[in-house]
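Below you'll find the structure, written out as structure tokens, and then a few comments.
The values are calculated or read from the model by the stated rules, or taken from the named source; none is laboratory data. All figures in this text were calculated on a predicted structure; none of them were measured in a lab. A quick note on method: Cβ atoms are made from the backbone with ideal geometry, for glycine too, and the neighbour counts reach across all protein chains shown. With ligands, DNA and RNA removed, areas are computed over all heavy atoms of the protein, side chains included. Shrake-Rupley method; radii C 1.70, N 1.55, O 1.52, S 1.80 Å.
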Amino acid sequence: MEPQRYSFLLLLLHTMRADTALEEKIVSKPGDKAMLSCIYRGRELQLESLRVYWQIANQEACSVVHALIDGKNDESTQCAHFKNRTHLFWDRLGEGNFSLLLLNVSHSDEHTYKCVVMQKKEYTEVIHQAKVVLSLAASYSQPILRGPIRNTNSTEEVTFSCRSGNGYPKPNVYWINKTDNSRLPSSEPEITLHDDGTYSVFSTLKVKASPNMQIECSIENKILQENLSANYTQQKQSSDSSTEGPESLGKKGRGAQAVGIISIVILMGVLVALTCWLRRRRSSKLVSYTAFAHVWDSSMLNMTEENVALKDVL
């Protein structure tokens, strides 16, 4: 078919039965695949009599994403941006599944896509339409909050920093004073675009130092409706035990009581062991003394008997 007739058909596609097109919203990550759904559940189809157009809705300049004419791919009017990046499922076309697989999606692919299925008999009739809104999004990493760092040119001002990455689209960054949930003014965040299409963000906050600071950094991804946060809470430094709650005091009291009981048991064990050792030592000394006395008495008796015998001889 001549290019002029293609242009005429594409012009008609924007107006024919637009109110019957079903709309679906999908979210894909930069660099991933995206499935644009278009399924016709009517009567049996003959591919040779079908024309299937995937195009960008409401765009006049180069709107053709993929075209199937009489059962064959037609690349003559396909936009260069989509060359070698679109695929139909040939084994499912006869079942009415005209879904399109879009490869390696990027931020330039964020559009509303329109699928139009026409059947040619005596005249060309639009038998099915579908719309798919493609958005890109990726979750940011858990924010890393650093600080406070005291500024060298000020004794009262401190600086916090917050960093997150691998997300899409550009995030909103909020600094919040958690003591009253008020937003704190910060510098413009530094946003870096990576080769894979995702972003990293770095933000700093300068505030006046105060006791018991509670600071939160929040990273918002509107498309995914995600809010990731990191918090800093300055610990209270106080030795006044009267500020502790009854539960804490009760736990400490029970702990001290348990330690005291254990100490008493150990002390009693040591005393029992020492008493037994002293008794054994005393018993061993008593046995030694008794044996020595017995030997001494025997020796003295022998000496007496010898003296008596000597006198008898004399």
Checklist outcome for this item: Rounded to one decimal in nm, the spacing of the 7 Å Cα→Cβ label points at residue 188 and residue 141 is 2.5
Checklist entry - On the accessible surface of region 105-148, probed at 1.4 Å, how many percent belong to carbon and sulfur atoms? => result 44
Checklist entry - Which whole-number percent gives the relative contact order of region 90-230, counting Cα pairs below 8 Å spaced six or more residues apart? => result 22
Item to check | Two-site FRET efficiency, residue 121 against residue 224, from Cβ-Cβ distance with R₀ of 45 Å, rounded to 0.05 | outcome: 0.50
Checklist entry - Can you give the net charge of the other residues whose Cβ lies under 11 Å from the Cβ of residue 204, counting K and R as +1 and D and E as -1? => result +1
Next on the checklist: Suppose the chain between residue 156 and residue 210 were pulled fully straight at 0.36 nm per residue; how much longer would it get relative to their current alpha carbon spacing?
Outcome noted: 18.6 nm
Next on the checklist: Quick check for you: with a 1.4 Å probe and neighbouring chains kept, what is the accessible area per residue of region 71-230, in Å²?
Outcome noted: 54
Item to check | Rounded Å value of the spacing that divides the Cα centres of region 188-223 and region 66-128 | outcome: 42
Checklist entry - To the nearest 10 Å², what's residue 277's accessible area with a 1.4 Å probe? => result 120
Checklist entry - For residue 43 and residue 97, what is the calculated FRET efficiency with R₀ set at 25 Å and r taken between the beta-carbons, to the nearest 0.05? => result 0.95
Item to check | residue 59 paired with residue 276, simple spin-label distance in nm, labels 7 Å along Cα-to-beta-carbon | outcome: 9.1
Checklist outcome for this item: One finds, for residue 196 and residue 76 with R0 = 30 angstrom and r their Cβ-Cβ distance, a FRET efficiency to the nearest 0.05 of 0.40
Item to check | Additional length obtainable on full extension of the chain from residue 267 to residue 232, 0.36 nm per residue less Cα span | outcome: 7.9 nm
